[in-house]
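What follows draws every value from the coordinates through simple rules; no lab data is involved. What you see is a predicted model; the values in this text were computed from it and never measured. Glycine gets a Cβ as well: all are built from the backbone with ideal geometry, and neighbour counts include every protein chain shown.
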Amino acid sequence: MRVILALVLIILFMSVVSVHAEIVIRTVSWDPVSTYTDGTPVEPAKLPVTYTVKMDNVVICTTTNTSCTFPHANADQDHLFTAMARLVTLEESAWSPDYPWHCPAASVPSTTPNNPIIIPPIRRP
C-alpha cells in the first residue's frame, strides 16, 4: 500500500512540475505610431494610441504600451503576429503585415528582435 501511495505522489508531483514548466512569458514589441498616412503628426488631443495585437488571428492584448507580454506554451512553435493602432477618435491604421516568429522552448531565451512588428500610420477619415 505504501508503495502505491508513494508512486501516486511521485506521479502527481511530476505532473505538477511539468505543467508549471510548460508556460513561459514572451514579449513582442513595435515602434509607436505617431503619424497619419500623409506623414502629418497625430494631434495630441487624439492620444493615446491604443494597440491591438493578434497572434495567429487571436487577440492577445490591447494596450497603450509599445509591447505586449503573453504566456506561451513550452514547445517550439511558429506563430504569426499582427497589430494595429487606434486613436481615441477611433481613427485607425491598417493591420500590420504578418510577422512570423518561431517561439522557442521555455529553456531557450527569447530571440525576438526589438520592435519586429511594423504598424502602418493612422488612416485619415
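Just a few scattered comments:
- Residue separation of LEU80 and ARG123 scaled by 0.36 nm, minus their Cα-Cα distance, works out to 13.1 nm of gained length.
- Model label points for ASN57 and ALA105, set 7 angstrom from Cα along the Cα-to-Cβ axis, are 3.0 nm apart.
- Phi-based couplings in Hz for segment 22-31 (Karplus 6.51, -1.76, 1.60; Gly and Pro marked x): 7, 10, 9, 8, 10, 10, 10, 9, 7, 7
- Using the Cβ-Cβ distance between THR69 and GLU43 with R0 set to 41 Å, the FRET efficiency from 1/(1 + (r/R0)^6) comes to roughly 0.85.
- Neighbour counts of other Cβ atoms within 10 Å put PHE81, PHE70 in the fewest-to-most order PHE70, PHE81.
- Each label point was placed 7 Å from the Cα along the Cα-to-Cβ direction; for ILE23 and ASP98 their separation is 2.7 nm.
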